Amino acid sequence: LTEGSERPLKPSGVRVDSDAVLVAVLRWTLAAALLACGLTACGSGHTEAAATTTVQVKEKDFRIVVTPSRARAGLVEFVVKNHGPDDHELIVVRARNAKLPMRHDGMTIDEAALEPRTVATLEPDGPGTTRRIRVQLSRGRYELFCNMAGHYMGGMHAFLVVS
Amino acid sequence: VSRPTRAFAPLSSRGRRPVAAILATFALSSALSVGISIWSTSHSQHQAAVFQIAARQRTLAERYVSEVLIARAGGRADPGAIGGALERSAAVLLDGGQAPAIAGDDDETMLAAQHGAVARPQLEQARRLVHDLAATGAAILRHEPVARIRPTAHERLPADPLLRLRVLAALASNVSLNAARSIAVADDRNISDLITLQVVLGVAGLLLSLVLGWALIRTTRRQTAHFRSLVTSSTDHVIVFGRGGCRYVSGSVCRMTGLSEEELLASGILDAVHRDDRDAVWAAAETGEPHELVFRAWDAAGACHHLEAHVTDLRHDRQIRGVVFNARDVTERLRLEEELLRQAFHDSLTGLPNRALFRDRLEHALARAGRSGETHAVLLVDLDGFKQVNDSLGHDAGDALLTDVASRFEETLRASDTVARLGGDEFAILLEDADERQARQAADRVLASLRNEPAVVAGRELGLSASIGIVTDAGGAACGEALLRDADIAMYAAKEGGRGRYEVFRAELARDLGELLGIEHELRLALDRGEFTLHYQPTIDLASSRVVGLEALLRWRSPTRGNVPPARFIAVAERTGLIVELGAFVLREACTQAAAWRREFPDARPPVTWVNVSVRQLTAGGFDATVRSVLAETGLPADLLGLEITETVLVESGSGGERARTELEALHADGVRIAIDDFGVGFSSLGQLRHFPIDLIKVDRSFVQGSETGTTDATITKNLIGLAHALEVVALAEGIESHAQLHALRELGCDQAQGFLFAQPAPPAEIRGLLARGSIAADASDAADAVA
């Protein structure tokens, strides 16, 4: 019934591809090195902070809360946190007066039609994750929504005004 | 306190621990790997079921929407059943249990409760959504407003009931699938971790096993080296024989033989073995028997070593496959044993067999004689005068003499004869297969070997002689003890018979000896009990009739035998050696008496007390010291003591005779007078007589008593008196019993006289009266007549 909201599922079972094992081993052996790198990288990034507006985007079943709901035009960083319990994605589009176009199922947004005015897309991710994305936003209204099956209709959409 | 530990335990006990650890490590890591695989496999199978049920929820939700639409439109549908299945499935997915079967589509599947941190909230959300879906569907079917149903999952739904129903179905199926996906992702992550753990475990187990194995190998090597060095540095010899001869020799064998290992292997080892022992060694090497073997081997220097080998048959031991010799050099031990044996049965001075060995050989010979009928002879040899040599020249000289004599015996006798030293100067000779005639010949040869050449000891030449007793077992059935006793009796008889000769044992000898020994025993008792007394016989100066001397004469009054004549017991005392003690008694007694009389009658010219001295007394040695001590004790002046000796003293050969003369000369120098007793019957050498210090010659009574009738005796007496005068000594005539004899002697110019005519030997009490008178009253008239 829905499309775009589904991703190919990994086949379950014992078969585990060797990359995963390799990655795991590497993760174990290089843990110390990564930790050290992480510590040194901690204090950087303040030079751009003044020019960037950070917008906290809180996603949960089934609501999107944008704080603040207004931002200055320019570089905007969305800090997207999924509070679950379901997986959620985030799509940011420039809003118009008309309602967003729906697919013919009448339940999900037609992303293809919105392609020209889509400014940011974050693929679905599990609860508890935080992702960041930076976009150059000009003045105007922007709509943020999750287009997984039923999520938009269930209430997961919000606006950000850039001035 | 630390427990003492063994430096090197055999590997069999010490090596178990590392081996066990290796095995345990492998077993543990394998068990873990297999366990993890089994667990993850079953888990994954379970997750597949979960996924299947979750996927079915989507289908069910879509069918539920369709059924509700159909039912609302009046079609035949049963949305309630589908809704119930949806709700039950959602509950089972969350908390576990048996998933409902849908119209035979599925088998009944058992699920476990979900506890994943991500999956469980999602499944809870899915259940809420399913609940809302079912409630909304039910409201639509009942034509009730859906707005009255409060959403439980925070969803904000559109007002249109159908759209609301569809949105809820999409949400429910979407959340279910996401939950299933979360489970799968978590599962993948778990499996990755498990596989990583498995790899780590495998690698760690392998490394640990390698370390343990390395430690085991190291320990093994060290122990092997240790035991090898123990074997190679040991002085014990280890030789292993297998197929093809010797297969291993320890370093000690190489060191001893001076041969290299290559030279010793195979049959090379036999070159080092004594020719006579090669067969025994080879047999032991092939059979493993006997377990103990002593064989001789040559060392690098060509010396012979006795090796004592413990033979162990390890041919069935797969590690050895051979016969092992553990050999030890026992040369020194055997030598010591031999030496101890030799010492136990040989005389250390002469190297001759000792009494024990002689007795042993004698018994063996007698045992053989009992079977073969042959006879054996035993010679018991006692050196004459050995005691004197020992006393005068010292024990070293005595030992040298014995060694000399032993070698003479060995040279003289056959190799088959046994010469043994029984002790002191007593030797025994066993002549095997010899009769009495051969024994006599052997005794002659022995005596000749001693007599022919004097022994040179301590720079002096000593004439040798021996007394030999011969006994044969011709009578048969004799035992060694009896033979030696008989030989001893015969030897004693030979000694009594005049020394330097042999005597063959006869039964009479034993009887004679028995009597002799009986009297000797009584004499000793008599001496102890004081049964001996002294009588004194005066000697008269013929010119003045004065008593000039008193001869002390021994008397024995035995409580059992009565008065025993001196001729009887003096001879026995001479033969048994008791004369030495008797003589000492006489000397002391006479001197004491003389000293007493002298104090009683302080005459201006007291008589000289004469004491008879035996040859044995003189040759025993130390006589001069005895005389001096007696004189000192009694206070008798030396010139009032006279010693009567026989002519044999002058001719006594050997060291004893020489010493006797030396001592007499010394005493004479002190003033002691010396007389030759029984002059004329002996074998005096005039030359010796001339040089020997003599004061008086007593002419034997046999000449005196014949001088009144026989012209020959008268002539001899005259000459003897003349000889005395020529030597410037006093002549005394013994045994004067008649006036005719007295008259004749006066005619012949004799100085002094002694005899019954003047006085018989008398006890001290009578002599005291005589001394009080000063002269012989009884024959004063005769004497006066003679003078007239």
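Expressed as a fraction of 2.2 N^0.38 Å, the value expected for a compact globular protein of N residues, the C-alpha radius of gyration of segment B:14-169 is 1.56. In this rough spin-label picture, where each label sits 7 Å from Cα along the Cβ direction, the B:Glu410-B:Glu515 distance is 4.4 nm. FRET efficiency for the pair B:Arg499 and B:Glu339, taken as 1/(1 + (r/R0)^6) with r the Cβ-Cβ distance and R0 = 41 Å, rounds to 0.60.
Only DSSP H runs of four or more residues enter the estimate; each adds -39500 (n - 2.57), and after division by the residues of chain B the mean residue ellipticity at 222 nm equals -18500 deg cm²/dmol. All Cα-Cα separations within segment B:616-699 were binned at 10 Å from zero, giving a P(r) of 18, 53, 26, 3, each value a whole percent of the pairs.
At q = 0.32 Å⁻¹ the log10 of I(q)/I(0) for segment B:685-725 amounts to -1.06, computed by Debye summation with a single uniform scatterer per C-alpha, solvent ignored.
Here the protein assembly as shown is treated as a Stokes sphere of Kirkwood radius computed over C-alpha pairs; at 37 °C and 0.692 mPa s its diffusion coefficient rounds to 74 µm²/s.
Of the three principal axes defined by the Cα atoms of segment B:201-314, the extents in descending order read 69, 30, 22 Å. According to the calculation over all Cα-Cα pairs in segment B:296-438, the P(r) per 10 Å bin from zero is 10, 25, 22, 18, 13, 8, 4, 1 %. Going from the residue with the fewest nearby Cβ atoms within 10 Å to the one with the most, B:Asp512, B:Asp486, B:Asp384 rank B:Asp512, B:Asp384, B:Asp486.
When we measure straight from the Cα of B:Lys718, which lysines land under 28 angstrom away, once same-chain ones fewer than 8 places off are left out? Within the straight-line limit of under 28 Å, B:Lys718 reaches these lysines: B:Lys698.
Qualifying trypsin sites (Lys or Arg not before Pro) in segment B:593-695, where qualification requires a DSSP coil assignment and no more than 16 other C-beta atoms within 10 Å, are lacking entirely.
In a fully extended conformation the segment linking B:Glu261 and B:Arg445 would gain 60.1 nm over its present Cα-Cα distance, using 0.36 nm per residue. Scaling against 2.2 N^0.38 Å puts the C-alpha radius of gyration of segment B:161-217 at 2.37.
Computed from the Cα positions only, the extents of segment B:343-422 along the three principal axes stand at 49, 25, 19 Å, in decreasing order.
In straight-distance terms, cross-link reach from B:Lys387 covers every one of the lysines whose alpha-carbon lies under 20 Å from its own, apart from those fewer than eight places away in the same chain; here that gives B:Lys495. Once both labels are positioned 7 Å from their Cα atoms along Cα-to-Cβ, the gap between B:Asp360 and B:Ala117 label points is 10.2 nm. Pairs of C-alpha atoms in segment B:655-779 farther apart than 20 Å represent 51 percent of all such pairs.
Simple spin-label estimate for B:Asp433 and B:Leu141 gives 14.4 nm between the two label positions (7 Å along the Cα-to-Cβ direction from each Cα). Taking 16 Å as the straight-line reach from the Cα of A:Lys58, the lysines in range (excluding those fewer than 8 positions away in the same chain) are A:Lys81. Any idea which of B:Ala54, B:Ser260, B:Thr634 is furthest toward the positive side of the dipole for chain B, if Lys and Arg beta-carbons carry +1 and Asp and Glu beta-carbons -1? About the Cα centre, the residue reaching furthest to the positive side is B:Ala54. Across segment B:401-501, the fraction of Cα-Cα pairs farther apart than 16 Å, rounded to a whole number, is 58%. Given R0 = 51 Å, the distance between the Cβ atoms of B:Asp279 and B:Thr403 translates into a calculated FRET efficiency of 0.70. The slack in the chain from B:Asp639 to B:His291, taken as 0.36 nm per residue of separation less the alpha-carbon distance, amounts to 116.5 nm. For segment B:513-606, dividing the convex hull volume of the Cα atoms by the residue count gives 114 Å³ per residue.
Across all directions, the average projected area of the convex hull around the alpha carbons of segment A:74-136 is 5.2 nm².
Mean projection of the Cα convex hull over all viewing directions, computed for chain B: 74.2 nm². Here the Kirkwood formula puts the hydrodynamic radius of segment B:558-672 at 15.1 Å, using every distinct Cα pair. Considering only B:Ala365, B:Leu582, B:Ser30, the residue lying farthest towards the positive end of the dipole of the protein assembly as shown is B:Ser30, judged by Cα position with unit charges set on Cβ. Shown is the FRET efficiency for B:Ala20 and B:Leu314, computed with R0 = 35 Å from the Cβ-Cβ distance and rounded to the nearest 0.05: 0.80.
A short reminder: the numbers here are calculations on the coordinates, not readings from a lab. This structure is a prediction, so every number in the text was calculated from the model and none was measured. Don't worry about glycine lacking a Cβ; one is built from the backbone with ideal geometry, like all the others, and counts go over all protein chains shown.
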